[in-house]
């Protein structure tokens with residue numbers, strides 16, 4: 001007959017053990033510690049939702065001209081200047097043609113963020129592909145890294161300017177509408193000229209991972225190169241990719257705005273934040289808000305993305321996590 | 001080190017040739033027609049003659065080789081002639097006569113210089129007029145950025161997580177995120193419109209010959225330089241802080257403290273010198289971004305540097321000018337990369353390139 005073992009009182013569990021935390025929970029816990037990253041992520045989520053669904057709530061056509069309601073000041077001007085031309089029907093004011101400021105900010109933000117996300121995804125795809133190829137296949141390493149070095153010494157903004165100015169017309173005709181042509185062109189050129197940093201980081205990680213035992217085990221089990229890359233290597237380099245994605249998003253937004261600012265971006269009746277800022281610069285002494293609002297929107301978005309990247313880097317690094 | 005420098009310089013030639021080819025192919029594939037602005041009343045055969053006069057009739061590879069010859073042989077020849085014939089420094093050298101200009105009086109071989117399609121004047125003359133402004137603004141921005149960023153980086157690393165460190169990190173993050181086309185107009189509104197301290201337009205014709213004109217020159221340079229410097233400062237001080245933090249944990253720091261060195265000597269001599277090595281690489285990494293930023297700064301403050309010339313030439317489809325200016329940007333970037341790598345080797349005795 002077996003007796004049930006009763007542990008002494010000090011060793012008894014009087015509460016159930018804390019459940020094992022998954023890796024995702026660990027990362028989330030660490031991420032939550034980083035105040036800036038939480039704010040950044042929250043703000044990025046807010047601005048993305050605002051530009052996506054804002055137009056459903058604020059149903060004003062951004063291109064509608066209302067010349068009688070031109071040059072409205074934003075609503076907050078009434079706080080210190082009660083004679084200013086303000087009104088709740090135009091909370092962000094109107095421009096010199098009477099177009100509503102808030103509707104333009106929403107529409108402009110949608111373009112800027114869409115370009116940013118798309119260009120970032122393209123450059124990530126290219127960077128990860130080049131990085132994995134260079135790291136995994138020894139024969140490709142030399143040529144691909146030379147190519148990366150070459151792209152790193154290209155004068156990016158001048159080349160972007162050249163490409164966008166010269167290829168504007170044919171792409172417009174090819175895609176039917178000028179906006180679609182311009183979108184493809186800008187996303188394409190930004191993506192093609194910004195993959196190099198991702199490629200370098202990914203290559204370095206793949207070079208180290210490929211010598212590890214689990215890759216050897218996978219290979220001895222008969223896994224093909226493709227299987228090793230997709231099943232074993234890519235999941236392990238996902239964290240540097242995510243981190244460089246955030247910085248890629250920030251640069252893509254700034255580059256698109258710079259192009260719009262220099263007057264080679266989207267067509268003039270199609271608002272983006274950079275374009276609104278550029279159009280407002282000649283009148284900025286009378287109407288500083290038209291420069292400040294889009295400028296602050298760009299800066300805050302980029303700031304949020306950069307903080308998010310900082311936090312993600314800390315959270316995804318297992319050496320820092322848990323401290 | 002000298003052999004390494006020479007090897008890098010030699011190796012940069014194929015890189016630059018490839019970049020030139022990329023730019024040239026881009027311009028070739030582009031459908032822009034320089035004759036688009038010519039009135040429609042001009043008959044097509046005359047337009048065709050005008051195209052041929054611009055050198056557009058020849059096949060692409062001939063045009064490319066011609067451009068290479070103009071850029072690497074004819075223009076240096078003109079420059080050497082100018083040095084030995086007219087410049088004040090090298091006039092004592094025997095006069096050279098490498099360049100034979102084409103004209104009705106010249107028989108046989110003659111050299112065609114690269115002409116801008118906008119002005120019909122040699123491209124390199126325009127570039128030489130505009131390059132100093134860009135280099136001054138970019139160079140000064142670097143110096144200012146270093147002077148601001150290094151102390152910030154040192155102090156925030158030394159007092160990690162202090163209020164100063166938190167504020168410094170936040171400010172550099174802002175400098176990182178706010179684009180130059182926003183800070184530029186903002187500074188103009190604040191400092192030229194409301195306070196009236198600095199002019200909003202950079203006057204290139206201004207000649208510095210006495211103290212007062214120097215003050216004017218400094219005043220007009222402050223804003224463009226600061227806009228550019230803000231970006232570089234943010235990058236350098238972040239990097240400086242990280243590098244200092246790495247070094248402060250090293251064993252040699254404990255040794256230095258243990259043998260009784262003053263805290264100042266430990267930080268400012270031992271740690272700082274070792275941390276500066278890594279910061280040098282940032283120079284190279286930041287260079288393409290800085291030249292991009294300088295284009296925007298030149299546009300905002302109306303500095304007539306090469307960035308401004310590039311935008312003007314692009315809108316006028318002035319292909320020789322665009323090609324040459326983009327290539328000059330590439331040369332500047334490649335040279336800066338080589339400079340940073342060589343400096344890295346000079347500063348860090350552990351790195352041996354040979």
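Looking only at segment A:48-69, decide whether some residue is within 14 Å of chain B (Cβ to nearest Cβ), surrounded by 15 or more Cβ atoms within 10 Å (Cβ to Cβ) and modelled with pLDDT of 80 or more. No: zero hits. Cβ-Cβ under 7 Å, sequence separation 6+ or interchain: first residue in segment A:10-38 and away from every other protein chain (no Cβ under 14 Å), partner outside any helix (DSSP H, G or I). Which pairs? Close Cβ pairs satisfying both conditions: A:26/A:321; A:30/A:321. Of the helices (runs of 4 or more DSSP H) lying entirely inside segment A:99-206, those containing at least 1 residues that are touching a strand residue (DSSP E or B) at 6+ places or on another chain (Cβ under 8 Å) and crowded, with 17+ Cβ neighbours inside 10 Å are A:101-136.
Whether a residue is surrounded by 16 or more Cβ atoms within 10 Å (Cβ to Cβ), within 13 Å of another protein chain (Cβ to nearest Cβ), in contact (Cβ under 8 Å) with a residue 40 or more places away in the chain and assigned to a helix (DSSP H, G or I) was assessed, and residue B:184 passes this test.
With respect to the conditions (1) within 8 Å of chain B (Cβ to nearest Cβ); (2) more than 24 Å from residue A:122 (Cβ to Cβ); (3) buried (at least 24 other Cβ atoms within 10 Å of the Cβ), residue A:290 falls short on a single one, namely (1). Does segment A:218-227 include one or more residues that are more than 30 Å from residue B:337 (Cα to Cα), within 14 Å of chain B (Cβ to nearest Cβ) and in contact (Cβ under 8 Å) with a residue 12 or more places away in the chain? So far as segment A:218-227 goes, no, none of its residues is more than 30 Å from residue B:337 (Cα to Cα), within 14 Å of chain B (Cβ to nearest Cβ) and in contact (Cβ under 8 Å) with a residue 12 or more places away in the chain. For segment B:7-26, the candidate set comprises residues that are in contact (Cβ under 8 Å) with a residue 60 or more places away in the chain and farther than 16 Å from residue B:329 by Cα; within that set, the residue that is farthest from the other protein chains (Cβ to nearest Cβ) is B:9. For segment A:285-320, a residue qualifies if it is out of contact with any helix residue (DSSP H, G or I) (no Cβ under 7 Å at 6 or more places or on another chain) and part of a helix (DSSP H, G or I), and the qualifying residues are A:289, A:292, A:296. When residues in segment B:149-167 are screened for being modelled with pLDDT of 85 or more and either touching a strand residue (DSSP E or B) at 6+ places or on another chain (Cβ under 9 Å) or surrounded by fewer than 21 Cβ atoms within 10 Å (Cβ to Cβ) (or both), 12 of them pass.
In segment A:138-164, of all residues being away from chain B (no Cβ under 14 Å) and touching a residue at least 24 places away in the same chain (Cβ under 8 Å), the one that is nearest to residue B:333 (Cα to Cα) corresponds to A:144. Any residue in segment B:51-65 that is within 14 Å of chain A (Cβ to nearest Cβ), surrounded by 15 or more Cβ atoms within 10 Å (Cβ to Cβ) and either under 19 Å from residue B:318 (Cβ atoms) or at pLDDT below 80 (or both)? Looking for residues that are within 14 Å of chain A (Cβ to nearest Cβ), surrounded by 15 or more Cβ atoms within 10 Å (Cβ to Cβ) and either under 19 Å from residue B:318 (Cβ atoms) or at pLDDT below 80 (or both), one finds none in segment B:51-65, hence no. Going through (1) assigned to a helix (DSSP H, G or I); (2) within 13 Å of chain A (Cβ to nearest Cβ) one by one, residue B:196 falls short only on (1). Residues that are assigned to a loop (DSSP other than H, G, I, E, B) and touching a helix residue (DSSP H, G or I) at 6+ places or on another chain (Cβ under 9 Å) within segment B:38-65 comprise B:38, B:42, B:54, B:55, B:56, B:57, B:58, listed in sequence order.
Just a yes or no: is a residue in segment B:252-264 crowded, with 21+ Cβ neighbours inside 10 Å, at pLDDT 85 or above and more than 13 Å from the chain's Cα centre (by Cα)? Looking through segment B:252-264, none of the residues is crowded, with 21+ Cβ neighbours inside 10 Å, at pLDDT 85 or above and more than 13 Å from the chain's Cα centre (by Cα). Residues in segment A:303-315 that are within 27 Å of residue A:183 (Cβ to Cβ), surrounded by 24 or more Cβ atoms within 10 Å (Cβ to Cβ) and facing another protein chain (nearest Cβ under 10 Å): 2 in all.
The values are calculated or read from the model by the stated rules, or taken from the named source; none is laboratory data. Everything numeric here is computed off the predicted structure, so don't read it as measured data. Note: ideal-geometry Cβ built from the backbone for every residue, glycine included; neighbour counts use all protein chains shown.
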